[in-house]
Amino acid sequence: MKFYKNNFFLKDLKDFFSFLILYFHSRTYFFFRYFEKFKDFLVTGLRFRRGAYVKPFLHTFLSILFILGFALAPLFQENLPKEGPARGGAVLGQTSSALTTQVSVKPRDSLVTYIVSPGDTLSSIAKKFDVSLDTIRWQNNLKTVDEIKPGQELQIPPVTGIVHKVKRGETVYSIAEKYKVDPQGIVNWPFNTFTNDETFALAVGQQLIVPDGVMPEEKPWEQPVFVARKTPSAGAVSASGAFVWPTSGTITQFFRWYHPAIDIANRDAPDILAADAGRVIVAGWPDNVGYGNRVMIDHGNGFVTLYAHLSRIYVSVGQTVKKGDQLGKMGTTGRSTGIHLHFEIHKNGIAQDPLSFLK
């Protein structure tokens, strides 16, 4: 009796699934049959009079999409973060939570608004944004370091220096002289724009970032450090990993994310020397822009050095040089505003701060 009941159950189960498959098959068949009829009707209509109705159909379809988007936009807008100056020590345009402020790693290209929170000091704010005290002081017309208070809005420049609004008759060179910087620093800031990239012409009223600029007739709270070294003499035949100064002069620009090098300026245009022994892999001006005349040396130990803006080059590709050998003469070729050396050190393809290696 039990065996009979089990067979009866299996038979019913088999009949059920057979019916289910037949049902879905028939429904699917009818769906696609009517779909094909509708498609044929639509295509016939669009082909009528050689496609005269294609354009009205597309316009109508896009209009419907636009109306739907316009109608649904408020629903999505409610879920977006509100804009405006951030409170409690947060930064406009940066993501924050109730516990911590998550500062974006994306480079800033302009001023941001910061609202002072309890416990903030001018030093802590400067450290948070990696700018100097004077940068915040000059931008916000502060008289003392204790002048800030909770709830106060501060404008924070993207880099240590000055934010300048260009006036009629001003040039990169006159602005650089006004703020006691090398004009090359203004040109190298990647978000500064020019009406003419060849002459670095400016538009009246545009906002210009002057990295490392110093406000005229005001004594900085933080004194900038500029380093000058003597030219080394010739040295080792093989690479040692210890670099010597490639030239003498004044450091006018330091290593930053947008300027992976140091610039050494000298009006006397001295010779440029190899910082370490190695093999020349670039010598010339292959792209006719940017670095201008340059030399690149592979030191065979993961290090590569680059010497740019040279007026003359004394070596050729494939040549082996010793530490201190003459590579060329300091100049101002390429994207340059004056005589200087642009010097880079790369380790395994990653740019390094040359001041961490120079001896």
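Only the coordinates and a few stated rules stand behind these numbers; no lab work does. None of these values were measured; they are calculated from a predicted model. Here Cβ is always computed from backbone atoms with ideal geometry, including for glycine, and neighbour counts include all displayed protein chains.
Worth a mention:
- Cα gyration tensor shape of region 299-359, rounded if a/c is under 1.5, else prolate or oblate by comparing a/b with b/c: oblate
- Which of TYR114, TYR34 has the fewest Cβ neighbours within 10 Å, and the rest in rising order: TYR34, TYR114
- 18 Å reach of a label modelled at ALA201, 7 Å along Cα-to-Cβ, counting backbone N of region 150-183: 166-175
- Stretch gain in nm, segment LEU13-LYS322, where the contour uses 0.36 nm per residue and the Cα spacing is subtracted: 102.4 nm
- Out-of-range pairs (alpha-carbon distance over 22 Å; input LYS127/LYS149; LYS180/LYS347; LYS323/LYS347; LYS322/LYS347; LYS128/LYS165; LYS127/LYS178): LYS180/LYS347; LYS128/LYS165; LYS127/LYS178
- Restricting region 276-322 to chymotrypsin sites (Phe, Trp or Tyr not before Pro) in coil, as DSSP defines it, with at most 16 other Cβ within 10 Å: TYR314
- Computed extension length for SER26-LYS143: 33.7 nm, one decimal, from 0.36 nm per residue of separation with the Cα-Cα distance subtracted.
- Taking other C-beta atoms within 10 angstrom as a stand-in for reagent exposure, ILE350, ILE115, ILE262 fall in the order ILE350, ILE115, ILE262, fewest first.
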